[in-house]
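Have a look at the structure below, then the notes.
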Amino acid sequence: MTTVDEQRTDEQRTAVFRPAGTPEGLEDLRTLVNTAIDTLRDAHLVRGGPVLPGGPPAVAEAARRALEGPLLPERPQAPDEVFRELIAAYANWAVDLTHPAAVARMQCPPTSVAIAAELVTATLNQSLHAWESGPFALELERYVVRELAELAGYGTESGGTLTAGGSLSNLMAVLAARDSVVTTPAGGTPFADGLANLGRRPVILCSDATHFSIGRAVGITGIGEDAILRAPADPTGRLIPDELDRMLAELPADTVPVAIIACAGSTDEGWVDPLPELVAVARKYGVWLHVDAAYGGGMLLSPRLRGRLAGIADADSITMDLHKFGWTPASTGVFLVRSARSLDALSQQTTTLNADDDKAAGYYGLYADSVQATRRVDALKVAVTLRSHGRDGMAELVDRCHELAGHAAERVAAEPRLELAAAPALSTVLLRWAQDPDLERADAFNGALRRRLMSDGTALLARTRVPRADGTNPVFLKLMLLNPATTTEQLDLVVAGIVATAEAMEAESAGTAAAQDRPVPDHGGA
Ligand SMILES: *Cc1c(COP(=O)(O)O)cnc(C)c1O
């Protein structure tokens, strides 16, 4: 008995599959891209805010409607219809990163040229692991990494790789530090021999402001999260070099200090640890100095701000994220090492990739510089973004975000019912509604305020805690300003919207029904 499929002709069978890279496939793609652009524009107009109102129940209902029926139906369905329906729901319920009140997370609104590069990247689907997986992509990655290394002040012996983000870059940093600093009793690397028979405890030193991805990296690399020693910080949260020196001098003999993790642009406040002094301490004790500049690395692009990163070129490794300051879509992580040789531990694995005779003839890939095998190309969107903006253009974008933070902070400081944590160091503004002297109730109110702003679709803010000199650690709401297209007037409206919502909530809890329908200011399109 012949099945339905066996009765089909070759032509009918292949008609189901049209790769995007063929002339016919590209015509399909052109139509789909036009649909996508129209849908994205419509969604932008429909939203009218940073996110649609209604919160979790509304998005769950939208998903139920858009996704009802099997995602893998028995029979094929017309791609353009499937596409139009799904992307419309997806786009309508997306966070609009171009909106001035979408200031919660470290997500930038990417530029059109970067997105167009992503279309090319995805269509050609190159990979970086082997020469035959993407020959030009490999060259491009090397040029981009070299340019970024030079930007950081690294020399020709430096190395690095683009990664899937700051967390992965930090993992590579801890890996490189571990295998550069620790030698096993057998004379090998922890990568090969493991840490079990070390007989000494490797430790990592950092501050409380260190991003949680470092803790994860330390756990994953087998050093163990409990081996993180938190060093005392100054009132702004910055590491104190003398304290680190003292800690290192006083370490028990059965410990091996592996790395100091410095922060250049702390996640909440944007502070930079004192890098030149930390370099000196790291050198004195022979430990690795990693600078997590996932957020603050963007200051390298600004002549006005880059002085704050003085000393970074002497660090052993650097994490940077161009999907934060950089205006390329996620993910665009960067991991740089002062000496390319410190990535050797990863490359010592022998695989069928990069055979010696192929390598000698120039046919080699970059699988050894990464923890991935198949690796997508992130360099194209970076290259077109950097070239099309130039140094001046990139500097302007970074400076603009910094200025916007300064403006928003002034606006917050001028509002007596809001408390500003500190003058912004980079592009964050930390504020809280400070009407209730009872700290617990005030924390609960600020938490509820943030949720109300989200469910109303008024503003998307982040939430954190900020230690104060009086020993308290209250909840603060955070504005992360990464959209240089925002105007100061729009920012004023964002702050006004926060105040109006807080007032409405206070009036509601006081039982003043009249305040319930108080309108929240409109942000003037954007
Ligand atoms: C964002 C950030 C990270 C994590 O980067 P991802 O790209 O989100 O993985 C690590 N460290 C710092 C300081 C960051 O700001």
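List pairs: first residue in the range 313-333 and in contact (Cβ under 8 Å) with a residue 24 or more places away in the chain and at positive phi, second residue within 13 Å of the ligand (Cβ to nearest atom) and of a type outside the set (D, E, K, R) anywhere in the structure, Cβ distance under 9 angstrom, at least six positions apart or on different chains.
Taking only residues 6 or more apart or on different chains, the pairs are G326/C108; G326/G297; G326/G298; G326/M320; G326/T332; G326/V334; W327/C108; W327/L482.
Among the residues of the range 501-522, are any modelled with pLDDT of 95 or more, closer than 30 Å to T210 by Cα and not hydroxyl-bearing (S, T, Y)?
no
Restricted to the range 293-307, and to residues that are open to solvent by 10 Å² or more (accessible area, probe 1.4 Å) and not in a loop (DSSP other than H, G, I, E, B), which residue is farthest from the ligand (Cβ to nearest atom)?
Top of the filtered list is G307.
Quick one: is V145 out of contact with any Cys (no Cβ under 7 Å at 6 or more places or on another chain), touching a residue at least 40 places away in the same chain (Cβ under 8 Å) and surrounded by fewer than 21 Cβ atoms within 10 Å (Cβ to Cβ)?
In short, no.
Please determine whether any residue of the range 85-96 is buried (at least 18 other Cβ atoms within 10 Å of the Cβ) and within 17 Å of T328 (Cα to Cα).
yes
So, in the range 309-327, how many residues would count as being within 12 Å of the ligand (Cβ to nearest atom) and touching a Pro at 6+ places or on another chain (Cβ under 7 Å)?
Adding up the residues that qualify gives 1.
Before we move on, is V174 within 15 Å of the ligand (Cβ to nearest atom) and at pLDDT 95 or above?
yes
Determine if the range 181-199 includes at least one residue that is open to solvent by 60 Å² or more (accessible area, probe 1.4 Å) and modelled with pLDDT of 95 or more.
No: the range 181-199 contains no residue that is open to solvent by 60 Å² or more (accessible area, probe 1.4 Å) and modelled with pLDDT of 95 or more.
So Q372 passes all but one of these: (1) surrounded by fewer than 19 Cβ atoms within 10 Å (Cβ to Cβ); (2) within 16 Å of the ligand (Cβ to nearest atom); (3) farther than 30 Å from A282 by Cα. Which condition number does it fail?
Every condition holds for Q372 apart from (3).
If you check V103 against the conditions, is it within 16 Å of the ligand (Cβ to nearest atom) and under 26 Å from L29 (Cα atoms)?
Taking the combined requirement at face value, the residue does not satisfy it.
Go through (1) at negative phi; (2) surrounded by fewer than 19 Cβ atoms within 10 Å (Cβ to Cβ) one by one and return the number of the condition G55 breaks.
Tallying (1) at negative phi; (2) surrounded by fewer than 19 Cβ atoms within 10 Å (Cβ to Cβ), G55 fails exactly one: (1).
Quick one: would you say A217 is within 16 Å of the ligand (Cβ to nearest atom), within 25 Å of A373 (Cβ to Cβ) and out of contact with any strand residue (DSSP E or B) (no Cβ under 7 Å at 6 or more places or on another chain)?
yes
Among the helices (runs of 4 or more DSSP H) contained in the range 131-197, which hold 1 or more residues that are more than 29 Å from the chain's Cα centre (by Cα)?
Filter on the range 131-197 gives 190-193.
The values are calculated or read from the model by the stated rules, or taken from the named source; none is laboratory data. Quick caveat: nothing in here was measured; it's all calculated off a predicted structure. All Cβ positions, even for glycine, are placed from backbone atoms using ideal geometry, and neighbour counts span all protein chains on display. When the accessible area is computed, the model is the full protein with side chains, heavy atoms only, and any ligands, DNA or RNA have been set aside. Shrake-Rupley method; radii C 1.70, N 1.55, O 1.52, S 1.80 Å.
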